[in-house]
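Following: one structure in structure tokens, then a few remarks.
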Amino acid sequence: MSTAPAAAALRFNARVASMQPSATLGMSARAKQLRREGHPVIALSAGEPDFVTPDFIRAAAIQAINDGFTGYTENLGMLPLREAICEKLARDNGLRFEPNQILCSNGAKQSVALAINALADAGDEVLIPAPYWVSYPEMTRLAGATPVALPTTVEGHYRVTPEALEAAITDKTRIYLHCSPSNPTGSVYPREELEALAEVLRRHEDVFIVSDEIYEYVVFDAEHVSLGAFAGLEDRVITVNGFSKGFAMTGWRLGYLAADLPIVKACAKIQSQFTSAPCSITQKAGVAALEMLKTDRTPMDEMLAAFRARRDYVLGRLNAIDGVVCPKPEGAFYLFPQVAPYYSTTAPSGRAITNSEDLCYYLLEEHNVALVPGHAFGDPAGVRISYAAAMSDLETALDRIETGLGQLR
Ligand SMILES: Cc1ncc(COP(=O)(O)O)c(C=O)c1O
């Protein structure tokens with residue numbers, strides 16, 4: 001006979017209980033369910049390029065398998081990969097690191113989580129500009145620290161001003177979480193704005209900076225600048241990057257962080273007890289991706305050209321809709337339009353729309369297009385649209401959004 005405790009006794013770790021599940025994944029799951037039921041849903045909710053990994057990179061992984069490169073690597077990641085990362089950071093970002101200051105992890109997501117867990121403690125605050133990537137606050141809660149949103153404005157292209165940053169930093173602030181190009185807004189900080197933020201951060205010597213640069217290679221007419229390259233911040237910036245977005249390698253799970261040695265050691269300690277290094281075959285693919293960056297960027301240029309055409313198309317269609325305002329983003333593959341004028345309306349079906357979630361479920365369930373509600377990103381006045389989808393799907397999706405919004409009274 002079972003001696004299992006009654007369900008009422010099931011108790012979770014308090015920090016896990018305080019976390020929210022991912023709204024992005026939730027929306028995608030609902031969209032998939034509707035599709036299974038036969039609805040012609042177009043999902044603009046996912047955060048991944050709709051391209052396959054370039055041939056050159058895939059061939060390197062196949063070679064690694066055929067060579068039997070199938071064992072564990074060092075916890076930090078294999079040396080040739082870390083050397084290639086150092087070379088890339090020096091060449092493309094003006095960042096000087098030794099290979100022992102690089103930690104390779106299972107995606108940039110894990111690197112961000114490691115940095116937060118290594119540095120933030122109970123009572124500490126992590127300052128997160130909003131709209132933010134859904135995972136930052138939840139990673140912060142899991143570390144036992146407190147996420148603090150720092151709102152930005154549409155007029156300011158969703159970028160934090162030095163004045164707002166200065167005003168938001170308190171003696172509890174442990175980490176400032178910087179993301180450029182940004183998910184969910186696509187905004188990219190120009191060099192002079194970063195210099196002004198760096199000036200503020202120089203004055204606050206107890207604040208560490210996690211700079212998430214995962215969309216570095218998805219920028220249009222803009223320069224990607226690393227916050228870690230500004231004088232006086234070298235020891236306090238943890239630069240996070242990876243392969244998922246720029247090289248269309250989301251499924252391979254490879255990211256990394258670069259930081260001052262004691263920080264890397266603390267992150268490595270966590271990684272060694274949780275996951276160890278990422279997959280050996282993936283690491284070989286990572287070396288090939290960095291080789292491709294030096295020798296032939298054609299596959300990346302082609303992706304970028306497609307993203308740019310889609311951005312321009314979707315942006316034009318959105319801003320032509322009454323009551324929708326969307327700034328022009330210079331990077332990533334998202335748009336974050338403001339749609340709040342539709343929050344006190346009713347659909348012809350009788351469905352009341354009072355917030356971003358209502359609006360997204362209305363568009364999904366009555367017009368077959370999946371977006372992600374802005375409240376998940378800390379800005380309930382907006383919704384996130386991913387344009388990593390075929391142009392023909394974007395055309396149909398925009399027709400549906402226009403029709404759907406047009407029917408609200
Ligand atoms: C801002 C941001 N950082 C990190 C990640 C995670 O990337 P990875 O697939 O390398 O874990 C994502 C993925 O959506 C992201 O949008």
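The values are calculated or read from the model by the stated rules, or taken from the named source; none is laboratory data. In this text the structure is predicted, and so the values were computed from the model without any measurement. Reconstructed Cβ throughout: ideal geometry from the backbone, glycine too, with neighbour counts over all protein chains shown.
Take the conditions (1) among the charged types (D, E, K, R); (2) more than 20 Å from Gln338 (Cβ to Cβ); (3) free of Cβ contacts under 8 Å to residues at least 40 places away in the same chain; Asp358 misses just one of them, which is (2). Entry remark, region 352-394: residues being within 25 Å of the chain's Cα centre (by Cα), in a helix (DSSP H, G or I) and not hydroxyl-bearing (Ser, Thr, Tyr) number 13 in total.
Would you call Glu87 surrounded by fewer than 21 Cβ atoms within 10 Å (Cβ to Cβ) and within 16 Å of the ligand (Cβ to nearest atom)? Judged against the criteria, Glu87 is not a match.
Under 22 Å from Asn93 (Cβ atoms), of a type in the set (A, V, I, L, M) and part of a helix (DSSP H, G or I): does that describe Leu165? Please lay out each step first, then the result.
On the way: under 22 Å from Asn93 (Cβ atoms): yes; of a type in the set (A, V, I, L, M): yes; part of a helix (DSSP H, G or I): yes.
Judged against the criteria, Leu165 is a match.
For region 112-134, filtered to residues that are more than 17 Å from Arg236 (Cβ to Cβ) and in a loop (DSSP other than H, G, I, E, B), the residue that is nearest to the ligand (Cβ to nearest atom) is Trp133. Scanning region 90-108 for residues that are in a loop (DSSP other than H, G, I, E, B) and away from the ligand (no atom under 15 Å from the Cβ) gives Gly94, Leu95, Arg96, Phe97, Glu98. The listed residues are Val264, Val225, and the only one of them that is out of contact with any Lys or Arg (no Cβ under 8 Å at 6 or more places or on another chain), aliphatic (A, V, I, L, M) and modelled with pLDDT of 95 or more turns out to be Val264. Can you name the residue in region 395-409 that is outside any loop (DSSP other than H, G, I, E, B) and of a type in the set (S, T, N, Q) and is also surrounded by the most Cβ atoms within 10 Å (Cβ to Cβ) among such residues? Out of the qualifying residues, it is Thr396.
Here is the figure for region 242-262: residues that are in contact with a helix residue (DSSP H, G or I) (Cβ under 8 Å, 6 or more places away or on another chain) and surrounded by fewer than 22 Cβ atoms within 10 Å (Cβ to Cβ) total 3.
May I ask you to list the residues in region 121-143 that are over 20 Å from Ser22 (Cβ atoms) and of a type in the set (Gly, Ala, Ser)? Across region 121-143, the qualifying residues are Ala122, Gly123.
To keep it simple, each residue is scored yes or no on (1) part of a helix (DSSP H, G or I); (2) of a type in the set (A, V, I, L, M, F, W, C).
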residue: Ser45; (1), (2): no, no
residue: Phe51; (1), (2): no, yes
residue: Ile57; (1), (2): yes, yes
residue: Asn75; (1), (2): no, no
residue: Gln110; (1), (2): yes, no
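Does region 177-184 contain any residue that is in contact with a Lys or Arg (Cβ under 6 Å, 6 or more places away or on another chain), within 20 Å of Pro327 (Cβ to Cβ) and within 13 Å of the ligand (Cβ to nearest atom)? Before you say what the answer is, go through the steps one by one.
At the first step, the residues of region 177-184 found to be in contact with a Lys or Arg (Cβ under 6 Å, 6 or more places away or on another chain) are 184.
Okay, now just the ones that are also within 20 Å of Pro327 (Cβ to Cβ), so 184.
Next, only the ones that are within 13 Å of the ligand (Cβ to nearest atom) stay: 184.
Checked against the condition, which is being in contact with a Lys or Arg (Cβ under 6 Å, 6 or more places away or on another chain), within 20 Å of Pro327 (Cβ to Cβ) and within 13 Å of the ligand (Cβ to nearest atom), region 177-184 yields at least one hit.
Tallying residues that are assigned to a loop (DSSP other than H, G, I, E, B), of a type in the set (A, V, I, L, M) and crowded, with 20+ Cβ neighbours inside 10 Å within region 217-227 yields 2.
Residues in region 228-258 that are away from the ligand (no atom under 16 Å from the Cβ) and part of a loop (DSSP other than H, G, I, E, B): Phe230, Ala231, Gly232, Leu233, Glu234, Asp235, Arg236.
Let's see how each residue does on (1) modelled with pLDDT under 95; (2) within 16 Å of the ligand (Cβ to nearest atom); (3) assigned to a loop (DSSP other than H, G, I, E, B):
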{"site": "Gly156", "(1), (2), (3)": "no, no, yes"}
{"site": "Ser187", "(1), (2), (3)": "no, yes, yes"}
{"site": "Glu192", "(1), (2), (3)": "no, no, no"}
{"site": "Glu195", "(1), (2), (3)": "no, no, no"}
{"site": "Glu205", "(1), (2), (3)": "no, no, yes"}
{"site": "Val210", "(1), (2), (3)": "no, yes, no"}
{"site": "Tyr215", "(1), (2), (3)": "no, yes, yes"}
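What do you reckon, is Val148 under 20 Å from the mean Cα position of the chain (by Cα), within 15 Å of the ligand (Cβ to nearest atom) and either assigned by TED's automatic domain parsing to the domain that holds Glu291 or not acidic (Asp, Glu) (or both)? It would help to see each step written out before you state the result.
Details: under 20 Å from the mean Cα position of the chain (by Cα): yes; within 15 Å of the ligand (Cβ to nearest atom): no; either assigned by TED's automatic domain parsing to the domain that holds Glu291 or not acidic (Asp, Glu) (or both): yes.
Here the answer is no, as Val148 does not meet what is asked.
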